[in-house]
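The next block holds one structure in the form of structure tokens; read it before the comments.
Values quoted throughout were computed directly from the atomic coordinates according to the rules given, and no laboratory measurement underlies them. The structure displayed is predicted, hence computed values, not measured ones. Cβ sites come from the backbone with ideal geometry, for glycine too, and all protein chains shown count toward neighbours.
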Amino acid sequence: MYKYNDFDESFVRERVAQFRGQVARRIDGSLTEDEFKPLRLMNGLYLQLHAYMLRVAVPYGTLNSAQMDMLAHLAQTYDKGYGHFTTRQNIQYNWPELGDVPDMLSNLADVGMHAIQTSGNTIRNVTADHFAGAAADEIADPRPVAELLRQWSTDHPEFQFMPRKFKIAITGSPNDRAVTKAHDIGLRMVLRDGAAGYEVIVGGGLGRTPMIGKVITDFLPQADLLPYVEAIVSVWNRLGRRDNKYKSRIKITVHEHGIDEIRRLVDARFAEIRPSFSGVDQDMLAEIEAQFAPPAFKTADTKGYEAVRLANPAFRSWTDTNLTQHRADGYAIVSISIKKHGATPGDATADQMRVMADLARTYGHDELRISHEQNVILPHVHKSDLPKLYAALRSADLATANIGLASDIIACPGMDYCALATARSIPIAQEIATRFDELKIEHDIGALKIKISGCINACGHHHVGHIGILGLDRAGVENYQITLGGDHTETAAVGERAGPGFSAAEIVPAIERLVLGYMDLRQASDETFLEAYRRLGVAPFKAILYPQEKANAA
Amino acid sequence: MPKDFTPKVVTANRLMEGDAVWLTANGYWSSDIHDAEFITDEGTANLRMLDTETQAHLIAGAYLADAAMGDKGPEPTHFREDFRTRGPSNYAHGKQVDKVDNNV
């Protein structure tokens with residue numbers, strides 16, 4: 001894992017000191033709120049419905065145990081004993097007091113973390129495949145490049161006042177777990193003649209105008225990556241609409257100018273700036289790569305693991321759903337579900353964070369990941385350690401066996417916390433998960449992505465959910481629209497709106513009806529919801545959701 | 001024709017804690033919307049909003065929110081403002097459990 005060098009350390013410390021002064025001046029009245037607001041946002045501090053909210057970056061979703069312990073410390077000391085992991089691989093604290101925030105940032109600096117550029121019209125936390133460095137299907141670990149992008153984008157003078165925010169996602173695997181096609185720039189590692197390079201995707205995004213990104217180049221050599229990304233951001237920084245924030249993101253720029261014109265402009269800008277990249281970036285990358293060397297994987301007998309699997313059905317069920325194939329023999333990637341049925345998606349208590357940190361230290365080569373699906377990953381666990389790990393997770397109420405199933409729901413904070421929300425998301429997620437648990441059918445349903453956003457900005461990724469739910473304010477009442485057939489992977493697709501929205505009381509029964517209806521429609525028990533939707537189209541699903549209209553039409 | 005004025009309260013978040021507060025007729029900020037001044041004309045609403053600019057040491061983000069008069073005083077008319085009087089629905093946190101007595 002990357003460790004701050006002296007430059008990073010002094011930069012982050014200086015920012016904390018600056019912010020401490022800014023907070024003091026806000027409190028003593030020297031700064032108005034209008035003056036202070038951009039300063040606090042630069043440091044990840046929002047003012048929400050009930051309190052301030054501090055958004056802390058988890059760079060490309062990677063943490064070590066000391067960092068997770070510090071997140072627990074912040075939750076316990078400055079918040080109400082928990083933190084909320086987000087779809088941007090960040091963590092949000094919902095209840096900090098203004099006067100405590102400089103101390104929180106100072107604590108974070110102690111473990112090489114910060115909240116810089118988690119807000120504002122800047123390049124945000126670069127997100128990555130949460131299985132990076134561990135997945136069996138990976139070409140190479142994308143995190144060194146993500147770290148290089150973090151260093152390049154942090155406080156980059158050209159990119160501090162852009163038309164709007166800018167999000168970059170990266171994956172080293174052909175199986176896209178980083179939603180690269182719904183980011184301003186998506187980077188997918190590909191091989192050509194044995195050399196690793198990148199397919200570069202631009203102009204993806206969700207929100208008010210969902211767009212699947214377009215390929216601007218199908219193969220970019222690794223050495224050209226930084227100047228090429230800089231060329232893209234530079235072209236958009238100049239062309240992007242500053243007159244209308246709904247048209248400011250690069251997805252609209254690409255849409256308005258066309259991908260061919262954007263490619264031409266980016267190529268021209270790239271030709272201009274490429275010579276100024278003397279290779280220092282590649283030297284830095286080499287240094288970063290050395291810090292991401294794989295851990296010393298052990299070899300051990302896995303017979304004990306197999307025996308426990310046979311003997312303990314609960315353990316077997318958990319291993320069936322929560323493990324992913326690892327690149328090293330005898331190892332597994334463990335997904336810890338932060339989606340206990342009925343609990344708030346993505347919320348972990350300070351005690352749970354400490355347990356996960358401890359498990360990473362004891363069994364996981366000191367590494368943890370936060371997924372955009374709001375779960376926590378132990379990327380490197382030897383199978384012989386899984387029974388003990390599972391027992392510890394059970395004791396901490398962290399052993400829910402539902403990864404990828406109907407109750408593994410993404411939900412944004414919604415109107416329970418967020419000042420931008422138009423409806424609540426969390427209670428809907430809680431009720432859906434509780435209902436499927438009561439029915440005891442989610443293993444029978446199989447792979448299903450339900451994603452809920454509490455407003456059009458789509459932090460809950462509803463557009464790319466197999467079933468998406470969007471909470472809106474319709475004439476002063478919460479109303480929930482369903483979209484169908486979205487896909488967040490390498491075959492990305494934006495879901496289709498099913499029809500009129502449902503009230504808060506109707507939405508959970510509607511989702512239940514939809515899923516039970518799918519089980520009747522599927523050809524075989526292994527045909528997933530998305531496969532059935534693609535085979536049948538939207539019509540039979542609409543008929544299930546709106547039986548009255550079907551009756552009226554007959 | 002100008003749009004008819006609908007009754008309002010002035011609301012904001014407390015500077016240090018960030019919790020929701022409402023402006024009373026006496027000019028202090030209360031944690032209870034029932035204590036708020038019920039504003040029925042646009043001129044008063046504009047004056048009160050001007051006054052909030054002198055309150056930066058106490059509050060942040062002041063705005064006018066629709067309200068209706070109830071038995072105990074002003075009440076929210078929209079669910080968003082209603083949530084602000086209570087706190088989140090997923091935990092017993094915020095005003096629904098905190099004592100409402102620390103007016104400023």
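Apply 1/(1 + (r/R0)^6) to the Cβ-Cβ distance of A:ALA136 and A:ALA505, taking R0 = 35 Å, and write down the FRET efficiency to the nearest 0.05.
Efficiency, rounded to the nearest 0.05: 0.20.
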Practice item. Kindly list the residues of segment B:42-62 that lie in the label zone of B:ASP4, defined by a backbone N under 18 Å from the point 7 Å along the Cα-to-C-beta vector. Key: B:42-43
Study note, to complete from the structure: Under the 7 Å Cα-to-Cβ spin-label approximation, A:ALA539 and A:ASP351 lie apart by a distance in nanometres of 5.5
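Subtracting the Cα-Cα distance from 0.36 nm times the residue separation, let me have the gained length for A:SER278 to A:ALA419 in nm, one decimal. Please report the intermediate quantities before stating the final value.
Values: separation 141, 0.36 × 141 = 50.76 nm, distance 4.51 nm.
Separation in residues times 0.36 nm, less the Cα-Cα distance, equals 46.3 nm.
Ignore the peptide's own chain and count Cβ atoms of other chains within 10 Å of each Cβ in B:80-90; give me the average, rounded.
Values: counts 9, 1, 0, 7, 4, 1, 1, 5, 14, 8, 16.
Mean partner shielding for this stretch: 6.
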Point to revise | Helix-only mean residue ellipticity at 222 nm for the protein assembly as shown, each DSSP H run of n ≥ 4 adding -39500 (n - 2.57), per residue, nearest 500 | key: -11000 deg cm²/dmol
Review point. Taking the alpha-carbon centroid of each part, what is the distance from segment B:74-92 to segment A:93-161 in angstrom?
Key: 33
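What is the mean number of Cβ atoms from other protein chains located within 10 Å of the Cβ atom of each residue in peptide B:10-22, rounded to a whole number? Walk me through the numbers before you get to the answer.
Numbers: counts 0, 0, 2, 9, 3, 10, 6, 8, 14, 6, 3, 0, 0.
Mean shielding by partner chains, rounded to a whole number: 5.
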Review point. What residues have an amide H closer than 5 Å to that of A:TYR331, excluding those fewer than 5 places away on the same chain, when H is modeled at 1.01 Å from N in the peptide plane?
Key: A:LYS383
Practice item. Report, in debye and to the nearest 20, how large the dipole of chain A comes out about its Cα centre when Lys and Arg carry +1 and Asp and Glu carry -1 on their Cβ. Key: 1100
Check your understanding: In which sequence would B:MET49, A:MET211, A:MET113 go, from the one with the fewest C-beta neighbours within 10 Å to the one with the most?
Key -> B:MET49, A:MET211, A:MET113
Review point. Points 7 angstrom from Cα along the Cβ direction at A:SER317 and A:ASP28: gap in nanometres?
Key: 6.0
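Could you pull out the pairs from A:LYS165/A:LYS214; A:LYS181/A:LYS449; A:LYS3/A:LYS388; A:LYS340/A:LYS383; A:LYS37/A:LYS247 whose alpha carbons sit more than 26 Å apart here? Intermediate values should be presented prior to the final figure.
Details: A:LYS165/A:LYS214 19 Å; A:LYS181/A:LYS449 17 Å; A:LYS3/A:LYS388 30 Å; A:LYS340/A:LYS383 23 Å; A:LYS37/A:LYS247 23 Å.
Those over the limit are A:LYS3/A:LYS388.
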Point to revise | segment A:484-516 and segment A:50-72: distance between their alpha carbon centers, rounded to Å | key: 31
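For A:GLU9 and A:GLU158 in the same chain, what is the full-extension length gain: residue separation times 0.36 nm, less their Cα-Cα distance, in nm? Don't skip to the end; give the middle numbers.
Values: separation 149, 0.36 × 149 = 53.64 nm, distance 2.23 nm.
So the extension gain works out to 51.4 nm.
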Revision key, fill the gap. Projecting the Cα atoms of A:MET284, A:PHE502, A:ASN94 onto the charge dipole of chain A, where Lys and Arg contribute +1 and Asp and Glu -1 at Cβ, the residue farthest towards the positive end is A:PHE502
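Under unit Cβ charges (Lys, Arg +1; Asp, Glu -1), what dipole magnitude, rounded to 20 debye, does segment A:174-276 have relative to its Cα centre?
Values: 17 positive and 13 negative charges, 107 e Å.
The calculated dipole for segment A:174-276 is roughly 520 debye.
Could you work out the mean count of beta carbons from other protein chains within 10 Å of each residue's beta carbon in A:412-425? Present the calculation step by step, with values, prior to reporting the outcome.
Numbers: counts 0, 2, 3, 6, 8, 5, 0, 4, 0, 2, 2, 2, 5, 1.
Whole-number average of other-chain Cβ neighbours for A:412-425 is 3.
Which of rounded, prolate or oblate describes the protein assembly as shown when judged by the alpha-carbon gyration tensor and an a/c cut-off of 1.5?
Details: a/c = 1.41, a/b = 1.21, b/c = 1.17.
Taking the square roots of the gyration eigenvalues as a ≥ b ≥ c, the protein assembly as shown is rounded.
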Revision key, fill the gap. A correct fewest-to-most ranking of A:ILE426, A:ILE273 by other Cβ atoms within 10 Å would be A:ILE273, A:ILE426
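Report the trypsin sites (Lys or Arg not before Pro) located in segment A:408-468 that are in a DSSP loop and have at most 11 other Cβ atoms inside 10 Å of their Cβ, or state none.
Numbers: sites: A:ARG424, A:ARG435, A:LYS440, A:LYS449, A:LYS451; in loops: A:ARG424, A:LYS440, A:LYS449.
Taking segment A:408-468 and a limit of 11 other Cβ atoms within 10 Å, the loop trypsin sites (Lys or Arg not before Pro) found are A:LYS440.
Counting other beta carbons within 10 Å of each Cβ, put A:ILE139, A:ILE544, A:ILE336, B:ILE59 in order, fewest first. Intermediate values should be presented prior to the final figure.
Details: A:ILE139 16, A:ILE544 19, A:ILE336 25, B:ILE59 22.
The order, fewest Cβ neighbours first, is A:ILE139, A:ILE544, B:ILE59, A:ILE336.
Mind putting a number on the dipole of segment A:6-110 about its Cα centre? Charges go on the C-beta only, +1 for Lys and Arg and -1 for Asp and Glu, and I need it in Debye to the nearest 20. Let's see the in-between values first.
On the way: 10 positive and 14 negative charges, 64 e Å.
Magnitude of the dipole: close to 300 debye.
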**Study point:** Proximal charge balance of A:ASN479 [Cβ under 10 Å; K/R count +1, D/E count -1]
**Key:** -2
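Taking 56 Å as R0, compute the FRET efficiency from the Cβ-Cβ separation of A:GLU261 and A:ALA300 and round it to 0.05. Don't jump to the answer; show the numbers that get you there.
Working: r = 57 Å, r/R0 = 1.01.
My answer for the efficiency is 0.50.
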**Study point:** Among B:ALA36, B:ALA56, B:ALA12: highest mean-square fluctuation, GNM of chain B, C-alpha pairs under 10 Å
**Key:** B:ALA56
Check your understanding: Taking a label point 7 Å from the Cα of A:LEU310 along the Cα→Cβ vector, which residues of segment A:350-390 have an amide N closer than 19 Å to it?
Key -> A:383-388
**Study point:** Restricting segment B:1-78 to GluC sites (Glu not before Pro) in coil, as DSSP defines it, with at most 11 other Cβ within 10 Å
**Key:** B:GLU53
